[in-house]
Amino acid sequence: PRKIGILTSGGDSPGINAAIRGIGKAVAGHFNLQLIGFHDGFSGMAHNLVMPLEGEALSGILTTGGTILGTNRDKPYSAEEEGQTVDYTERILQVYRQHNLDGLICLGGGNTQESAYYLLQKGLNVITLPVTIDNDIPQTDMTVGFNTAMEIAAEAIDRLHSTAFSHHRIIIVEVMGRETGWLTLGAGIAGGADVILIPEIPYDIHKVAEAILERSRRGKRFSLVAVAEGAIAKETLQFFEHARQANRRLRSGNEAEAVEAGLQEIEKRSAGDTLHLANRLQEFTRLQTRVTILGYLQRGGAPSAFDRVLATQLGTACAHLVSQGHYGVMVGIQGGSVKPIPLAQVAGKVKRVPLDHSWVQGARLVGTCLGD
Ligand code: F6P
């Protein structure tokens, strides 16, 4: 039988194992293909860290969290080895040839789509699945893992409600999602957060404080704020704009460029400064304020039923496409139907929350403050 490789790359996400199982069971049972796994992403493949994926290996993993293959954030052309950055492209091509692979399946988020597209351009038969809690991949309605992470974050907001209520406090919950607000918005709506702050809508701290004070005036002496790790205050953006203008006025050439690069770096780090947000809100409202950073809890543990179904749907469809020799695509879902989408339309792109999205409109219409 033809031989197919598979690896997982980037941040892990609940439902990856369900996808591996879907692919593995379908290729072996229906399409007469042989599947071999590579441990630890692209660098693991470069080191030929093989894991057989037959029979028992695929049993009992539908419901488990993490990835049985292991993962890391290495890219084919830039991997970390003993503190050095190395280019593994040639080694990956060599391992692909050595195993006489017909194709390579890559499971992961945005960076993985980019890496897979890179290998496609190097001549490999590559196919991908969108697997990330961030839901930030274009051309697919949903990514595997998003639903589970949203459930976890929503449950956290539920639980924080009772303690915020009892102590008459503001509780700020920081939610993951990189440069996008899908997770925060979804969990914030589901958990009934009073304020939801996402990267797509820079927030005005005064408006947030005013919304909380308005609740106090109505007798609601507590508030829940869901803030995305990438959310940024308008005043912070303004600060950087002024610094940029001054830089352009006072410097030129290399010096100006160096300062601009520094500003960009600090600006990136200023996004999601949740403790600063907490201090400012406490100052403005005089209400005790506490912070909870959900962090990796959002990525751990068993996938939801929804993610198990989505992973199985996409995984088995991927196996079908591979059996037909259909590569160069990401297997996504659009309006409930599985669609192969050319990798060129996905790689290097980020799906941000559109400002007119019905989730944004819905949140506004139930009275949630979005900070603008
Ligand atoms: O992409 C998934 C994600 O959990 C993001 O939400 C978060 O910004 C990032 O990964 C954290 O990365 P790492 O696992 O490398 O700390």
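Quick note: the coordinates plus some simple rules give every number you see, no bench work behind them. What you are looking at is a predicted structure, and each value in this text was computed from that prediction instead of being measured. In this analysis, Cβ positions are derived from the backbone assuming ideal geometry, glycine residues included, and neighbour counts consider all displayed protein chains.
Between the helical axis of 274-285 and the longest alpha-carbon principal axis of the chain there is an angle of about 20 degrees. Across the options 196, 247, 183, the greatest Cα extent toward the positive end of the charge dipole of the range 175-299 (unit charges at beta carbon of Lys, Arg, Asp, Glu) belongs to 196.
Taking a straight Cα-Cα cut-off under 18 Å and skipping sequence neighbours fewer than 8 places away in the same chain, the lysines within cross-link reach of residue 234 are 207, 268. Ellipticity at 222 nm from helices only: DSSP H runs of n ≥ 4 in the chain, each -39500 (n - 2.57), divided by the residue count, give -14000 deg cm²/dmol. For the range 22-94, the residue among 88, 76, 58 whose Cα projects farthest onto the positive side of the dipole built from Cβ charges is 58.
Using DSSP, restrict attention to beta bridges with both residues in the chain and report what percent are antiparallel, rounded to the nearest 5. Once the DSSP bridges in the chain are tallied, antiparallel ones form about 25 percent. By the beta-carbon count within 10 Å of each Cβ, the least crowded to most crowded order of 248, 169, fewest first, is 248, 169. Here the Kirkwood formula puts the hydrodynamic radius of the chain at 22.0 Å, using every distinct Cα pair.
In sequence order, the range 247-263 has phi-based couplings of 4, 5, 6, 9, 10, 8, x, 4, 5, 5, 5, 5, 5, 4, 4, x, 4 Hz under the Karplus curve 6.51 cos²θ - 1.76 cosθ + 1.60, θ = phi - 60°, and Gly or Pro positions carry x. Less than 12 Å Cβ to Cβ from residue 190, Lys/Arg counted +1 and Asp/Glu -1: what total charge do the surrounding residues give? Local net charge: -3. For residue 339, a cut-off of 26 angstrom between C-alpha atoms picks up these lysines, skipping any fewer than 8 places away in its own chain: 3, 25, 75, 122, 349, 351. In a simple Cβ point-charge model (Lys, Arg +1; Asp, Glu -1; nothing else charged), the range 225-279 has a dipole of about 180 debye relative to its Cα centre. Note on the range 61-211: antiparallel DSSP beta bridges, both residues inside, total approximately 40 percent of the bridges counted. Determine the sum of side-chain charges near residue 134: Lys and Arg each +1, Asp and Glu each -1, restricted to other residues whose C-beta is under 12 angstrom from that of residue 134. So the environment of residue 134 carries a net charge of +1. Cross-link reach is defined here as a Cα-Cα straight distance under 17 Å, omitting same-chain residues fewer than 8 places apart; for residue 220 the aspartates and glutamates meeting it are 158, 194, 210.
Against the chain, whose longest principal axis is taken from its Cα atoms, helix 16-29 shows a tilt of about 20°. May I ask for the net charge around residue 271, where only other residues with Cβ less than 14 Å from the Cβ of residue 271 are counted and Lys, Arg are +1 while Asp, Glu are -1? Local net charge: -3. Rounded to the nearest 5, the antiparallel percentage of DSSP beta bridges internal to the range 3-94 is 65%.
Answer rounded, prolate or oblate for the range 4-68, using the Cα gyration tensor with square roots of eigenvalues a ≥ b ≥ c: rounded when a/c is under 1.5, else prolate when a/b is larger than b/c, else oblate. It would help to have the intermediate numbers written out before the result.
Details: a/c = 2.03, a/b = 1.15, b/c = 1.76.
Oblate shape, in that a/c is at least 1.5 and b/c is the bigger or equal ratio.
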